Amino acid sequence: MKRIKNFICAVLSFFIILGFLNSLSAAGLNGWFFNKIISLNNTVKENALAIGDGDNDGKKEIFFSYNSGIYSYKMYDSSAPVKYISPANSQFVKIAVGDGDSDSLNELYFSRDNILYEYQWDSSSWHQTQTVTLPYPVTSIRIADGDNDGKNDIFVGTGWYYYGYIFQIKLVKNIYGNWIYSPVLISNIGEVINMEIADGNNDGKNEIYSNSASYYGMGTYLDFISEFKWNGSTWVKTTIYGYYNNLSRNFGGIAVGDADNNGKNEVYFSSTPGYLLQASKINSSWSLKEIRKTFNDPLNNIIIGNADNNNKNELHGTYNYGKINVQFKFDSTWKENKLNSIDTTSVSTYSGHVFDKSIQYSPIYSIKKDNTSPGIVQIFKY
């Protein structure tokens, strides 16, 4: 009888431990849950991802590049969740969703190398409506009212090894009365790594904020964080931060928002060799605060939002070629919370620059604090 009891206890202990280990694998780290949405056996060198209501049905989709195409994924469409949209046989692909022509309907924008495409949904299929050719490969696409005229424009960052521009692409009429997109040069600031458009200086108006890199010579690189503000007649540039380094060109991310929950927006950015800084506009000058500087490489993606649903914003980012996700929360001091450490040999992209080219495995994950609640809180790609 005693042996039977010991055997039963041993079996129960095994299943309890097994269940505990399974819960650990599901939860990742610190109570965050990771759900694999799609596994992509990728054969191209670049991955891009965007979320938005591209077909104007009132529900958001995930748009992504896969192999040589652009696809949409609808979590609420069980019959055909993945739909092919367009070829994208290019090393450099970027995707954005928004109302780029201010007609109250969203469009899908994506790039193949140095060409920007606009696609619209006509209730049954996607069709191409516009193309714009730019001098360098596209590294970022943003849709916003950057010049505060009440209408959205398309802002495009471009670059190739320390050379690049920011363009504002506006709708204008040609001599035949047709609407066409006209690129307007904002600045030549070197290779544009990342770009955001928001009210970073709390003056009630939007500005453009960019993270760019240029080669200074003699093995030295110069990283720039810049602000571009429209004064009614021209774009005025302000350098928020400049950093000389002799390591490598910068691949850091940039974000604008109230991550420390003080009621004011700040500019957050990462720079080589791994600094994470906060820039705040105080009176007429920018004040810099260091959040962390011990990463082996910069945070290549930075996002601000309330991902753990506690009514307070946090700062989220990825590093180590996109394999590690971290959260920063401010409570008198900045505290780091590692969400996961996924050992994957995926294609990793830093604003158009590609690593791990020989291995092509790129699942898309959703990351949620509460595994019982449906919906996407944050999307990352590996």
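The values are calculated or read from the model by the stated rules, or taken from the named source; none is laboratory data. Just so we're clear, the structure is a prediction, and the values are computed from it rather than from any experiment. Heads up, the Cβs are rebuilt from the backbone with ideal geometry, glycines too, and the neighbour counts pull from every protein chain shown. Protein only, heavy atoms only, side chains kept; ligands, DNA and RNA dropped before computing areas. Shrake-Rupley method; radii C 1.70, N 1.55, O 1.52, S 1.80 Å.
Looking only at region 268-286, decide whether some residue is more than 28 Å from Ser102 (Cα to Cα), open to solvent by 40 Å² or more (accessible area, probe 1.4 Å) and among the charged types (D, E, K, R).
The answer is yes, given that some residue of region 268-286 is more than 28 Å from Ser102 (Cα to Cα), open to solvent by 40 Å² or more (accessible area, probe 1.4 Å) and among the charged types (D, E, K, R).
Just checking, how many residues over region 112-170 are small (Gly, Ala, Ser) and modelled with pLDDT under 90?
5
If you take the residues of region 212-235 that are more than 15 Å from Gly157 (Cβ to Cβ) and in a strand (DSSP E or B), which of them is most open to solvent (accessible area, probe 1.4 Å)?
Tyr216
Just to verify a result, which residue in region 174-203, among those that are out of contact with any Gly (no Cβ under 6 Å at 6 or more places or on another chain) and aliphatic (A, V, I, L, M), is most open to solvent (accessible area, probe 1.4 Å)?
The selected residue is Ile175.
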